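A short write-up of the structure that comes next.
Laboratory data are not the source of any read-out in this text; all were calculated from the coordinates shown. Every value quoted in this text rests on a predicted model; they were computed, and no experiment measured them. For neighbour counting, all protein chains shown are included, and Cβ atoms are generated from backbone atoms with ideal geometry for every residue, glycine included.
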Amino acid sequence: MVRRVILDTDTGVDDALAILLAMRSPELHVEAITAVSGNIHVDHCVRNILMTLDVLDLDTMPDVARGESQPLVNPLTFADDIHGGDGLGNISDLLDADGVRLYPDPANRVSPKHAVDLILERIHTYPDELSLIAVGPLTNVARAIIKNPVRMRRLSEIIIMGGAFETYGNMTPTSEFNLYADPHAAQVVCDAGIPLVFVPLDVTMKSILTTDMITRYADLGTPAAVFVRDCTEQYVEFHRQHRDVDGCFLHDPLAVAVAFQENLVTMAPARVDVETAGDLTSGMTVSDLRPSATLPPNARVCMRLDADAFVTLFSERVLS
């Protein structure tokens, strides 16, 4: 059975790879892709969604909508030092031999609806059928919950790329970027009464796309593999210098894969909350994963990953 999904994204490099995997997975029907500020400003995110979709040369495109530009409370936090000034590793600057941009700005095909309204509209159309895959800060999702909490509870589930449970964060020792960027939105989502799945750094940092694999597929010349090589060059260099990895983590694509192939991961039920007030711990995921935990769970947390199976899946679907 094909699963209907909305992908909510702050389209940086790994978000683009998540879009490619979602669009190339027959188990999923992508109803819409919504943009939110995070890795880069939301306006760049919209452009990056469209640019990524153009690589696939699709007959039909999902609706694309612009969402929230600011977190609920905190000031904006970008990750352009990792993802490049354009959010896609500065591929906007790449030129061919004639000086023509390899990746020109895409045609404007943005929905007139705000992302929050588009999410609520799709849930109304497909109640209890739709999964929301959130791979950026949860601002759009929280705004939709605030606007219509009853309708949002007709989601099948929300799959969240975010959090760090038994590992260090990537923004602070305790916090992962997506939840750190808008912790208040994350807590709204945790309190909403919607089934949640967290795909945290505990598993995403075990999913590594190596430089060798990127180069090997790109040398074959397929457009998607060449795009992956071009947009990951700066991203890979960051990982090489700061993460001691010759390649890059597939954070957001793993959240997409979990939507249709749960057997890639092992999950634990838990009550998850997000710290919003701590001077040193803002964005921290607070949870008791012990079997003896007494709080009723609001989520399932991915704790183990078959990394080889996932990377093989990604490479076969996106790079081949």
Subject >> P(r) of region 162-239 over all Cα-Cα pairs, binned every 5 Å from zero, in whole percent >> reply: 3, 13, 17, 16, 15, 13, 11, 8, 3, 0
Original post:
If the label point is 7 Å along Cα→Cβ of ARG304, which residues in region 253-292 have backbone nitrogen under 14 Å from it?
Top reply: 263-269
Subject >> Cα lying deepest toward the dipole's positive end in the chain, options ALA257, VAL150, CYS302, charges on Cβ >> reply: VAL150
Original post:
Percent relative contact order of the chain, based on C-alpha pairs within less than 8 angstrom and at least six residues apart?
Top reply: 20
Subject >> LEU280/ARG101 FRET efficiency (R0 51 Å; Cβ-Cβ; nearest 0.05) >> reply: 0.70
**OP:** Report, as a whole number in µm² per second, the diffusion coefficient that Stokes-Einstein gives for region 1-111 at 10 °C and 1.306 mPa s using the Kirkwood radius over alpha carbon pairs.
**Re:** 109
Original post:
Dipole magnitude of region 3-319 about its Cα centre, charges +1 at Lys/Arg Cβ and -1 at Asp/Glu Cβ only, in debye to the nearest 20?
Top reply: 980
Subject >> Ordering of 284-296, 90-102 by packing [mean C-beta count within 10 Å, highest first] >> reply: 284-296, 90-102
Original post:
How far is it, in nm, from the label point at LYS113 to the one at HIS29 when both lie 7 Å from their Cα along the line to the Cβ?
Top reply: 1.5
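At R0 = 35 Å, how high is the FRET efficiency between ASN90 and ASP219 if r is their beta carbon distance? Nearest 0.05 is fine.
Numbers: r = 22 Å, r/R0 = 0.62.
Calculated transfer efficiency: 0.95.
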Original post:
Quick one: Kirkwood hydrodynamic radius for region 51-204, alpha-carbon pairs, angstrom, one decimal?
Top reply: 17.4
Original post:
How long is region 3-319 along each principal axis, judged by its Cα atoms, biggest number first, in Å?
Top reply: 63, 43, 37
Original post:
In whole Å, what is the distance between the alpha-carbon centres of region 198-215 and region 13-81?
Top reply: 19
Subject >> Volume in Å³ per residue [convex hull over Cα atoms, computed for region 138-279] >> reply: 139
Original post:
Taking the Cβ-Cβ separation of MET61 and SER292 as r and a Förster radius of 41 Å, what is the calculated FRET efficiency to the nearest 0.05?
Top reply: 0.25
Original post:
Distance from the Cα centre of region 292-318 to that of region 83-148, in angstrom?
Top reply: 24
**OP:** State the answer as a single residue: which of THR312, ILE40, VAL188 lies farthest towards the positive end of the charge dipole of region 3-319, with beta carbon charges of +1 for Lys and Arg and -1 for Asp and Glu, about the Cα centre.
**Re:** VAL188
Subject >> Cβ crowding within 10 Å averaged over residues, with 61-72, 271-282 ranked highest first >> reply: 61-72, 271-282
